[in-house]
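> One structure, as C-alpha cells, below. Some questions next.
The values are calculated or read from the model by the stated rules, or taken from the named source; none is laboratory data. This structure is a prediction, so every number in the text was calculated from the model and none was measured. Ideal geometry is used to build each Cβ from the backbone, glycine not excepted, and the neighbour counts take in all protein chains shown. All accessible areas refer to the heavy atoms of the entire protein, side chains included, with ligands and DNA or RNA removed. Shrake-Rupley method; radii C 1.70, N 1.55, O 1.52, S 1.80 Å.
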Protein chains: 2
Amino acid sequence: MSFAQLPIPTDGLKRSFSERQEFMTENTPASMHFHVVSGGARLFKSLPDGRRQIIGFAHRGDVLPGYPCARYPYSAEAMRGVQVTCVPTPVIHHLHDTSPGACAASLQSACHLLVGMHSRLLMLGRQTARERLAAFLIGQGTRMGTHELKPVDPALSRADIADFLGLTTETVSRLLSTFHREKLISRERRAIHILDPDRLRAIVATPE
Amino acid sequence: MSFAQLPIPTDGLKRSFSERQEFMTENTPASMHFHVVSGGARLFKSLPDGRRQIIGFAHRGDVLPGYPCARYPYSAEAMRGVQVTCVPTPVIHHLHDTSPGACAASLQSACHLLVGMHSRLLMLGRQTARERLAAFLIGQGTRMGTHELKPVDPALSRADIADFLGLTTETVSRLLSTFHREKLISRERRAIHILDPDRLRAIVATPE
DNA sequence: CGGGGGATTGATTTTTTTCAACTAGCGTGG
DNA sequence: CCACGCTAGTTGAAAAAAATCAATCCCCCG
C-alpha cells in the first residue's frame, strides 16, 4: 500500500524510531505528519481487548497520515527502524491553501488509497483465508512496477500478515505450508518467494 | 456512509433509475459522476462467482464516485428509485482545476471516507458477527446528527445488511432474533428500532 | 550451550456457513 | 375479493472454515 506522496519541505525535524516503537497513536490530536525517509512502519487500529487490524504499511516517501484530519485515524509503529521528518499539520494546511498542486496531489493520493480500501473491504468481507493470502502475496510482490514478483519483505512477521488479513498466525502458517506443498511459493527464513504467480492469481478470485 | 458533497452545477442531465437498476458498473470507464438528488443507492463490488460486498450506501446529496478515477471502483444500483444528475467527468476536473475550494472540498470528503474505511477494515477483519451487527445498527441509527437513534432504513434488505457486514442473511437474521430476545431492538416489518443504544454500544467493542 | 521468540503442526472447539424446510407478506390475476 | 405464487425472512440441523489451545521446533543470540 502506498500512501500520500506530497512535495514536503525537507527542513522539518528529523527523527528516528527503533524497532517496535510506536510513534503515532490512534485518536490522539494530529499535530504532526510524518514523512518516511527510510525504513518502514506498520499502520494499525486496535480494539480495547488487543485485537489488531493492520491498515497498511508505510515505506520511504509515504506521508502519515498524509491527509487532513484532526486526530490520527490509526497508530504507526516502526518495523526494523524508521527515519521520518516531522511536518507540523499547519504547514500541510498552508501548503494546501497556497499551492494548488499540493491539494490536487493529496486528493490524488487519497483517492488511490480509497480505491485500494474498496478492494480490501471485498477481501476481508467476502474472500476465504486461502484467497486472502494469495491476494496478499501477489499484492506484496507487485510493489514496485517490476514485472517479476518480489519476495515478501522479511520484516513482516506472521503476526503482521495475519493482522493484515484478519486471520490468526496459525491459519497463515498452515496456508503457507499448503502453498509450499503445492509449489506455489518457497520459504527461506521469513522471506517468501513466489514461484507460480499465475496459479496464485487464479486462486484469488476462485471458489476452491 | 456519506459521500463527496461538491458544489455541483445543477444543470447536468437529470436521470431516474428504478428499483434494482444498476446505473454505474465497476471497472467501466468513469465518464460520468452521479449526483444523487433523491432516493438511495447501494454501492458494491462483486467477485466473479457472485459474492458481493457492499461498500456503502449513497443518499441525497452524495456524488458517485465523487473523486477522480479513470474507472468506477464499484457498481451502484438503485434502492427503491433514485434520481441523479449526471456530471461529465471533465466538468469535475475543470471544477477542481479552476476553483481552489472545490479541490479542497473533494479532499475533505475523500478523507472522511478514508477514515470510515479504516474503521470498517477493523470491523470486517477483527470483529465477530455480533459486534458487527451491533456496530451497524448504531451506525445506521446515528445517520443525521439526531440524538435519538433512528430505525434502520426499511429499504435495506437482510441481504444488504449481510453484504455490508460480510455475513450471510441467515446469520444476520439469527442475530437480529437474538437481539430482539435480549430486548435490544424491536422489529416491525423490515424496519428495525433500536431500544437500548447503550447496551448495543457496549457490544461493539467487547468480547462477549 | 542454553534460552527465548517466532513459527509450525496437531487436536479440539467455536463460529459461521451451508443446506433445507417452513412461514409471512404482498401483489396479481382469476 | 380471494387464492395463488412469489420473494424475503426466519429457523433448524449438519458441515465447513477458522480460531483456540497446546506442543514442539527452529533459529538466532547471548
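> When chain B is treated as a GNM, springs tying every alpha-carbon pair under 10 Å, which of B:48, B:65, B:90 comes out with the largest mean-square fluctuation?
With Cα springs under 10 Å in chain B, the top fluctuation among B:48, B:65, B:90 is at B:48.
> Under 10 Å, Cα contacts only: if you run a Gaussian network model on chain A, which one of A:35, A:59, A:94 comes out with the highest mean-square fluctuation?
A:94
> Taking each label point as 7 Å beyond Cα in the direction of the beta carbon, state the distances from residue B:155 to the same residue in the other copies, shortest first, in nm.
Result for residue B:155, in nm, nearest copy first: 4.6.
> Which helices pass in chain A if a helix is a full DSSP H run, must span at least 30 angstrom along its long axis by Cα, and must have mean Kyte-Doolittle hydropathy not below 0.5?
Sorted by number, the helices that extend far enough and score high enough are A:100-126.
> If you put +1 on each Lys and Arg Cβ and -1 on each Asp and Glu Cβ, how big is the dipole of the range A:76-208 around its Cα centre, in Debye rounded to 20?
That gives a dipole near 380 debye.
> List the distances, in nm and shortest first, from the label point of residue B:91 to the matching label points in every other copy, placing each point 7 Å from Cα along the Cα-to-Cβ direction.
Computed spacing set for this position: 4.0 nm.
> Per DSSP helix of 4 or more residues, -39500 (n - 2.57); summed, then divided by the residues of chain A. What does that give at 222 nm, rounded to the nearest 500?
My calculation for chain A gives -12500 deg cm²/dmol from helical runs alone.
> Now a separate question. Report the residue, chosen from B:164, B:17, B:44, that carries the largest GNM mean-square fluctuation when chain B is represented by alpha-carbon nodes joined by springs under 10 Å.
Its mean-square fluctuation being the largest, the pick is B:17.
> Show which lysines lie in cross-link reach of residue B:150 when reach means a straight Cα distance below 29 angstrom and same-chain residues fewer than eight apart are skipped.
Hits, sequence-local ones excluded: A:45, B:45, B:183.
> At R0 = 22 Å, how high is the FRET efficiency between residue A:158 and residue B:70 if r is their beta carbon distance? Nearest 0.05 is fine.
It comes out at approximately 0.05.
> Still on this structure, I have one more. In vacuum, with every alpha carbon of the range A:13-116 counted as one equal point scatterer, what does the Debye formula give for log10 I(q)/I(0) at q = 0.21 Å⁻¹? Two decimals, please.
Relative scattering, expressed as log10 I(q)/I(0), comes to -1.17.
> If you don't mind, there's one more thing I want to ask. Please average, across the residues of B:120-133, the number of beta carbons from any other chain that are within 10 Å of each residue's own beta carbon, and give a whole number.
Whole-number average of other-chain Cβ neighbours for B:120-133 is 6.
> Now for a different question. To the nearest 10 square angstrom, what accessible area does residue A:183 show with a 1.4 Å probe?
Probe radius 1.4 Å; accessible area of residue A:183 about 140 Å².
> State, in angstrom, two size descriptors of the range A:127-204 derived from its alpha carbons: Rg to one decimal place and Dmax to the nearest whole number.
My reading of the Cα-based Rg and Dmax gives 11.2, 31 Å.
> Please state, to two decimals, what the Cα-based radius of gyration of chain B comes to when divided by 2.2 N^0.38 Å (N = residues).
Relative to the 2.2 N^0.38 Å estimate, chain B comes out at 1.07.
> Rounded to two decimals, what is Rg over Rh for the protein assembly as shown when you use alpha-carbon atoms and the Kirkwood radius?
Result for the protein assembly as shown is an Rg/Rh of 0.96.
> Moving on to the next point. Let's test the formula: R0 of 25 Å, r as the Cβ-Cβ distance of residue B:181 and residue B:128. What FRET efficiency results, to the nearest 0.05?
With R0 = 25 Å, the Cβ-Cβ based efficiency is 0.90.
> Turning to a different aspect of this structure: For label points placed 7 Å from Cα toward Cβ, what is the shortest-first list of nm distances from residue B:19 to its copies?
Ordered by increasing distance: 6.1 nm.
> List the relative contact order of chain A as a percent without decimals, with contacts defined as Cα pairs under 8 Å and 6+ residues apart.
The normalised contact order for chain A reaches 21 percent.
> Let me ask you something else. Show B:131, A:22 ordered by accessible area, largest first, where the area counts protein heavy atoms only and the probe is 1.4 Å.
Order by accessible area, largest first: A:22, B:131.
> With an 8 Å cut-off on Cα pairs and a minimum separation of 6 or more residues, tell me the relative contact order of the range A:125-197 in percent.
30 percent
> Sticking with this structure for a sec: With +1 on each Lys and Arg Cβ and -1 on each Asp and Glu Cβ, and nothing else charged, work out how big the dipole of the protein assembly as shown is about its Cα centre, in Debye to the nearest 20.
For the protein assembly as shown, the charge dipole is close to 780 debye.
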